[in-house]
Amino acid sequence: MASGILHFITAKWQEIATNYRDLIIKDPEIASRIEAILRMVSYLIQGKFPFSQEISELVYTASNLLTLTNDEIYRHARKLANSASVIKIKRWLTVVEYVEVFIEVGSARLLGDFGRWVVVLMVQILKAAMRLVLVFKHKDGIQCRPTIAPMKRDSKTLSEMNNKQNMKNDPTAQELPVWKGERSGRFVRSLSAGNRRQYPNLDQYKMFVEQEPTPLTERQKLAELLYTVRPVLHILSMFTFGQNSWKPWLISTFTDLSRYLIAGDTTKRTFQERQEISRRYMVLLLYLLRSPCYDNYSREKVIAILGFLSRYIPGSSLIIGPLIEYLPYWQKTYSYNWTS
């Protein structure tokens with residue numbers, strides 16, 4: 001009896017999974033709409049009832065995991081997936097990046113403040129270990145965030161991805177209208193691109209050209225090491241000196257600034273790597289929102305600036321008002337504020 005029920009449930013689940021996979025392959029944009037609805041729900045339910053923060057983070061985490069799953073379904077169906085061990089590590093690392101906020105919020109609710117910090121430390125050590133394996137063992141270059149970026153599922157982008165795969169399978173297929181220099185890494189229009197009006201923006205084609213990670217020098221590996229272990233160093237220093245001490249903040253700041261000085265020239269990079277480097281420069285501004293700097297100096301200034309913008313820019317209060325209310329929660333969540 002029990003085995004019959006188990007067999008029925010397994011068969012039904014396989015049927016549902018197959019139907020869902022066929023739906024995603026047939027219409028990838030419907031997956032984007034489902035994910036967008038989940039994210040909107042996660043924003044709307046915050047602060048509406050007890051445990052709303054935890055449930056909101058759970059829904060948002062589910063939307064990110066669903067995005068990753070849908071992307072993998074489409075890549076596998078279009079034979080865009082790669083079964084190499086490096087891809088498997090990247091998948092698990094992306095999963096950890098997506099669930100770390102919910103794990104932190106949930107552990108704070110169940111285990112208290114000390115238990116929360118122990119769990120956060122374990123998560124950061126796990127992430128650092130996987131990233132170091134990618135950098136030093138697999139020579140994977142600069143680590144982007146998120147490790148596996150979500151696919152663009154609009155019809156034009158998916159059409160270009162299919163054209164790229166067809167080119168691999170059919171040598172006589174038409175050449176993509178973009179070419180990458182082997183030494184410089186720069187993108188230029190190929191002879192088949194025709195006139196400039198037909199292909200005005202090269203950026204939309206950069207994702208369709210194979211871009212192997214740029215090899216890192218020893219200095220750049222050291223810089224990437226510092227970037228990877230910085231959250232672990234910060235948490236350990238907080239255990240040593242206390243959460244309200246300036247020393248963890250200064251240690252983290254010094255580590256971040258040092259890696260920029262050590263890395264040296266980073267101009268000859270792939271398109272994705274240059275985007276990641278630009279993102280890391282922008283993230284330095286978060287030090288103004290990180291305690292104890294935020295608690296002692298920048299909080300009043302940041303709120304005053306946001307208040308000024310909401311008063312003098314028509315319609316901005318609809319966005320800035322909830323942002324001001326959400327800022328204390330975001331600022332106290334380590335996985336949002338310190339691990340970017």
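We did not get these values from a lab; they are worked out from the coordinates using the rules stated. Because the structure is predicted, anything quoted here is derived from the model rather than measured. Cβ coordinates were reconstructed from backbone atoms using ideal geometry, including for glycine residues, and neighbour counts include every protein chain displayed.
So if I take the centroid of the Cα atoms in region 1-72 and the same for region 95-126, what is the distance between those two points in Å?
Spelled out, the Cα-based centre of one part sits 23 Å from the other.
Taking the Cα centre of region 17-149 as origin, sum charge times position over the Cβ atoms of Lys and Arg (+1) and Asp and Glu (-1), and report the length of that vector in debye to the nearest 20.
Working: 18 positive and 13 negative charges, 101 e Å.
The calculation lands at about 480 debye.
Report, in listed order, any pair from 88/139; 48/332; 127/332 with a Cα-Cα distance greater than 18 Å.
Values: 88/139 15 Å; 48/332 20 Å; 127/332 20 Å.
Correct reply: 48/332; 127/332.
Using 0.36 nm per residue, how much length does the chain from residue 311 to residue 260 gain when fully extended, once their Cα-Cα distance is taken away?
Values: separation 51, 0.36 × 51 = 18.36 nm, distance 3.80 nm.
Roughly 14.6 nm would be gained on extension.
Along each of its three principal axes, how wide is the spread of alpha-carbon positions in region 6-161, in whole angstrom units, largest first?
Ordered largest first, region 6-161 gives principal extents of 48, 45, 39 Å.
Please compute the contact order of region 1-82 in relative form: average sequence separation of alpha-carbon pairs under 8 Å and at least six residues apart, divided by the residue count, as a percent.
Values: 41 pairs, mean separation 24.5, N = 82.
RCO, region 1-82: 30 percent.
Beta carbons within 10 angstrom, averaged per residue: use that to sort the peptides 213-225, 292-304, highest first.
Numbers: 213-225: 16.2, 292-304: 13.6.
Result, highest mean Cβ count within 10 Å first: 213-225, 292-304.
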